[in-house]
Amino acid sequence: MTPLWTPLPGERRVLYSPAWFVPYDDWRRRPLAAGFTVALDRWDGAAWLATTVAATRTPSGFIAYPGLGRRREPATAEPELYRARFESAGYRALYPDLTAQEPFAADRVGKEFLAYPYDDTQPPAITVQPEPVPLLPGVAYPYPPGTRLVRGAVRTATGAPVANALVEAAGVSADDGSPWRERTLSDVDGAYRLSLRFPGTGADGGRETFRLVATERPGRTGELAIRLPDDLTRTNVIEIADQ
């Protein structure tokens, strides 16, 4: 790895960050400033290597890496690939940017970015904008008391657990027709815990039906129809299969 530039005493130093991340609680829809840690890895051309570079939390709640990419001779240096991994006991980070139609894949384990070389006179070739990082509820998420929850597991046809599968339920509000969506990520054992704050179909008859969808990657999904309140106390297993 190219050594970082060390300024002389009193020397002016310009810092850029090659990434700006905005972690937020996906369930509560608000920025999150605590309750997680961030680890940074560097790609060496063959494997990801853990670094000791600590993230900086800005006053506005962003996660940044000021100084990463600074070089003594940036014109002859190449950009380096990094990934930031968000870890928490109560959350699981959703890394693909689904709003930009990036396909979900359960094996994505970090936010990847390039650190372009720069110095005081030559800025990085590309500057970046803040990027949201949705932190979805994990199985240990502190839902408020009284929240309606369904529990279950994501499995393959052979019964193997599927870790980090995206589990979703969606519908339309009967009151105003606005769409709603609940989502979570399964843990390392394939377990999930999903809130259902909105009524399902057939709610007027005393029973509600929901369709749960689990995704491992494009072409590997599973579905399960559940009925409440009957299935609230059951382990609702969603089986992943090739489509």
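The values are calculated or read from the model by the stated rules, or taken from the named source; none is laboratory data. This is a predicted model, so every value here is computed, not measured. Neighbour counts run over all protein chains shown; Cβ positions are idealised from the backbone, glycine included. Surface areas here come from the heavy atoms of the whole protein model, side chains and all, with no ligands, DNA or RNA. Shrake-Rupley method; radii C 1.70, N 1.55, O 1.52, S 1.80 Å.
A few comments on the model shown:
- The stretch 17-52, residues that are surrounded by fewer than 16 Cβ atoms within 10 Å (Cβ to Cβ) and small (Gly, Ala, Ser): Ala33, Ala34, Gly35, Gly45, Ala46, Ala47, Ala50
- Residue match in the stretch 111-125 (condition: of a type outside the set (A, V, I, L, M, F, W, C), within 18 Å of the chain's Cα centre (by Cα) and in a loop (DSSP other than H, G, I, E, B)): no
- Residues being open to solvent by less than 70 Å² (accessible area, probe 1.4 Å) and hydroxyl-bearing (Ser, Thr, Tyr) - total across the stretch 117-127: 1
- Beta carbons closer than 9 Å, at least 6 apart along the sequence or on distinct chains, pair a first residue in the stretch 43-66 that is over 17 Å from Leu114 (Cβ atoms) with a second that is open to solvent by less than 80 Å² (accessible area, probe 1.4 Å) and of a type in the set (Lys, Arg) for Ala50/Arg42.
- Residue ranges of strands (runs of 3 or more DSSP E) in the stretch 148-243 with at least 1 members over 19 Å from Pro137 (Cβ atoms), at pLDDT below 90 and not small (Gly, Ala, Ser): 166-172
- Residue check, Thr76 more than 30 Å from Arg197 (Cα to Cα), among the hydroxyl-bearing types (Ser, Thr, Tyr) and modelled with pLDDT under 95: yes
- Long-range neighbours under 8 Å by Cβ, at least six apart or interchain, first residue in the same structural domain as Asp41 (by the TED database) within the stretch 100-121, second among the aromatic types (Phe, Trp, Tyr) and open to solvent by 50 Å² or more (accessible area, probe 1.4 Å): Tyr118/Tyr16; Asp119/Trp5
- Unique match (being exposed (fewer than 15 other Cβ atoms within 10 Å of the Cβ) and within 25 Å of Ala39 (Cα to Cα)) among Leu114, Leu98, Leu166: Leu98
- So Val53, is it under 13 Å from the mean Cα position of the chain (by Cα) and outside any helix (DSSP H, G or I): no
- Subset of the stretch 209-233 (residues that are without any contact (Cβ under 8 Å) to a residue 40 or more places away in the chain, open to solvent by 80 Å² or more (accessible area, probe 1.4 Å) and more than 13 Å from Ala165 (Cβ to Cβ)): Arg227, Thr233
- From the list Ala105, Ala93, the one residue that fits, being within 30 Å of Tyr143 (Cα to Cα) and surrounded by 19 or more Cβ atoms within 10 Å (Cβ to Cβ), is Ala93.
- Once the stretch 133-163 is narrowed to residues that are out of contact with any Ser or Thr (no Cβ under 8 Å at 6 or more places or on another chain) and under 25 Å from Phe113 (Cα atoms), the residue that is surrounded by the fewest Cβ atoms within 10 Å (Cβ to Cβ) is Val133.
- When the stretch 27-42 is filtered for residues that are assigned to a loop (DSSP other than H, G, I, E, B) and in contact (Cβ under 8 Å) with a residue 24 or more places away in the chain, the ones remaining, listed by number, are Trp27, Leu32, Ala33, Gly35, Phe36.
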